[in-house]
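Take a look at the structure set out below.
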Amino acid sequence: MNLDSICRVLSEIAPLKRAESWDNVGLIIGDRSAETSAVMTCLTIRPNVVDEAVDKGADLIVAHHPLPFRPLSKITTDSITGSMLWQLIGARVAVYSAHTAFDSAADGINQSWAESIGLEGIRPLTEPNEQNELGAGRYGILPNPQPAAEIIRRCGQHVGASTLRGAGDTDQLVSKVGFACGSGGSFVSDASRRGCQLLITGEATFHGCLEAEALGITLGLLGHYQSERFAMERLAERLSNTFPDLSIWSSESEHDPISTL
């Protein structure tokens with residue numbers, strides 16, 4: 001199987017035109033004609049993830065977060081990013097990222113979240129634009145209103161999040177819920193315009209929490225890692241079904257860098 005065949009399937013799952021204009025998506029490192037037999041998915045490429053990919057003979061890493069994210073003027077081992085890129089290129093490991101395209105895809109991360117708690121009438125939080133004809137984020141209606149805290153707990157259980165945080169009135173009864181995976185505090189105003197009483201995300205800034213509180217919106221903060229990592233595990237399963245002859249797995253060494261003391 002050549003690398004381009006896998007890239008084409010990935011671009012069908014998460015069309016790259018739906019990525020935000022500032023994002024770095026698609027095939028970032030690699031030779032599209034290269035034979036590929038082993039693929040590893042992960043949320044973020046870090047030194048231990050690079051070591052795992054090289055040690056286990058991965059030909060391709062499908063990472064949610066791009067590496068590099070911003071343009072580089074040089075690739076040397078003087079920086080962590082440069083060192084990882086140097087190691088990956090030396091081992092001929094390709095890198096692909098869909099990032100915000102996967103967030104917003106019709107069968108992407110936020111859609112998966114909205115469906116997981118049984119929302120009805122699911123729609124994007126933001127209006128479509130030239131980059132994304134669907135719009136970003138998701139929101140919908142709960143058939144049976146529930147306290148915000150209960151919904152946040154359900155979402156945490158869904159991904160095994162051990163630490164959950166909330167901002168605003170976590171006791172309020174909620175019927176309209178929004179989702180913005182990762183660092184989704186910037187979607188507070190969009191959630192407000194859609195009439196959401198609760199926005200589930202990974203993390204938000206202090207001022208984002210204050211904005212939500214002022215607008216009467218409860219924030220459910222699952223942790224950036226927990227709000228997205230599950231999707232990369234499911235992506236590995238999906239790719240395994242599509243390419244049964246390939247060795248495909250989700251990184252076993254990756255972990256949440258934030259711990260609870």
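The values are calculated or read from the model by the stated rules, or taken from the named source; none is laboratory data. Not measured: the values here are computed from a predicted model. Glycine also receives a Cβ, built like all others from the backbone with ideal geometry; neighbour counts cover every protein chain displayed. Accessible surface is based on the protein model in full, side chains and every heavy atom, while ligands, DNA and RNA are left aside. Shrake-Rupley method; radii C 1.70, N 1.55, O 1.52, S 1.80 Å.
Brief remarks on what is shown
- Qualifying position, being open to solvent by 20 Å² or more (accessible area, probe 1.4 Å), charged (D, E, K, R) and more than 30 Å from Leu125 (Cα to Cα), among Asp23, Asp31: Asp31
- Residue in the range 176-183 that is part of a strand (DSSP E or B), open to solvent by 20 Å² or more (accessible area, probe 1.4 Å), basic (Lys, Arg) and in contact with a Leu (Cβ under 7 Å, 6 or more places away or on another chain) present: no
- Filtered residue count, the range 198-223, keeping only those that are out of contact with any helix residue (DSSP H, G or I) (no Cβ under 7 Å at 6 or more places or on another chain) and outside any helix (DSSP H, G or I): 3
- Count of the range 162-175 residues, restricted to those that are assigned to a strand (DSSP E or B) and β-branched (Val, Ile, Thr), is 1.
- Among the residues of the range 132-171, just one is farther than 19 Å from Ser186 by Cβ, open to solvent by less than 40 Å² (accessible area, probe 1.4 Å), in contact with a helix residue (DSSP H, G or I) (Cβ under 7 Å, 6 or more places away or on another chain) and not hydrophobic (A, V, I, L, M, F, W, C), namely Gly140.
- Residues located in the range 184-196, provided they are outside any loop (DSSP other than H, G, I, E, B), touching a residue at least 24 places away in the same chain (Cβ under 8 Å) and open to solvent by 10 Å² or more (accessible area, probe 1.4 Å): Gly185, Phe187, Ser189, Asp190, Ser192
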